[in-house]
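Below: one structure, written as structure tokens.
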Amino acid sequence: MGRKALIAANWKMYKTPAEAADFVKAFLPLVAGHTRDEIALFPSPVLLPTVVAACAGSNVAVGAQNIYFAEEGAYTGETSVGQLKAIGGTHTLIGHSERRQCFAETDEIVNKKLHTALKHGLIPVVCIGEVLEEREAGKTADVLKTQVTGAFVGITPEAAAPIVIAYEPVWAIGTGKTATPEMAVEAHRIIRAEVAKLLGADVAANIRILYGGSVKPENATSLIGEEEIDGALVGGASLKADSFEKIVKY
Ligand code: 13P
């Protein structure tokens, strides 16, 4: 297939600038020369300038955990794509389940953010995934299809190339419960089929779909080793350089 894996660290609301700088100092030598996979760090907004500067010239990209869809304006507390790009950020997460659950982000908002990110040349990582009740009710496929369809409204095949999707079952996030490789593969196939329906077979064949949810050094190989799984979005286990290194080198 030739899809290059992306191994991404979502630091959530952890680390001070000094701790972030220490991480990068320890981490870069551990992954120097690692070209098999792409590597990206997603720190909090206040850490971004520190982390971008520390990663400059390395094989580690840096992105935001969230951006706003408006270009600029009176939106207290938000970060624009222009601001992110001006300090050297290249990627952004969009629609992480914590944004959806704690900050009421809808598929419509995710869609607007995706349009803005693509317009400005960012690499967007669109996060989707079902909650436990939905899985137990047999609704996983429907939820994933709805989220993909909602996120991709008005996106053309020509514009879609940079998009990355992260499948993060909400019940696996921060719980220590991981989807089995079989469960993740099944979900990824549903997502890829939906992308094919919306944007065509070529886009679907090339789009990277990451798995996220309690990825650890111990389970990284069995998950990312699957042909269908094009990398990982890692929370807790990405906070320590040696732990994240082991996942990068799954
Ligand atoms: P954990 O790896 O801590 O489960 O978090 C996953 C996640 O939400 C990454 O975005």
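The values are calculated or read from the model by the stated rules, or taken from the named source; none is laboratory data. Computed from a prediction, not measured in an experiment: that's the story for all the values here. With ideal geometry, Cβ positions are generated from the backbone for all residues, glycine too; neighbour counts draw on all protein chains shown. Side chains included, ligands, DNA and RNA excluded: accessible areas come from the protein's heavy atoms. Shrake-Rupley method; radii C 1.70, N 1.55, O 1.52, S 1.80 Å.
Placing unit charges on the Cβ atoms only, positive for Lys and Arg and negative for Asp and Glu, gives region 9-69 a dipole magnitude near 60 debye about its Cα centre.
Built from the Cα atoms of region 109-250, the convex hull projects on average onto 8.4 nm², one quarter of its surface area. Note on region 111-221: antiparallel DSSP beta bridges, both residues inside, total approximately 0 percent of the bridges counted.
Between amide H atoms placed 1.01 Å from N, distances below 5 Å from residue 130 occur with 170, all of them 5 or more places distant or on a separate chain. Each helix, a run of at least 4 DSSP H residues, gives -39500 (n - 2.57); summed and divided by the residues of the chain, these come to -12500 deg cm²/dmol at 222 nm.
Heavy-atom surface analysis with a 1.4 Å probe gives region 126-215 a carbon and sulfur content of 56 percent of its accessible area. Applying a DSSP loop filter and a limit of 13 other Cβ atoms within 10 Å to the trypsin sites (Lys or Arg not before Pro) in region 145-224 leaves 177. When the P(r) of the chain is calculated, the portion above 30 Å amounts to 20% of the C-alpha pairs. Each 10 Å bin from zero holds the following percent of Cα-Cα pairs in region 30-117: 16, 45, 29, 9, 0.
Protein heavy-atom accessible surface, 1.4 Å probe, per residue over the chain: 44 Å².
Considering the zone a paramagnetic label at residue 16 would reach in this model (a point 7 Å from Cα along the Cα-to-Cβ line), which residues of region 37-64 have amide N under 13 Å from it? In region 37-64, the label zone of residue 16 (backbone N under 13 Å from the point 7 Å along Cα→Cβ) covers no residue.
Loop-located GluC sites (Glu not before Pro) in region 37-86 (DSSP state not H, G, I, E or B) with no more than 14 neighbouring Cβ atoms inside 10 Å: 71, 72.
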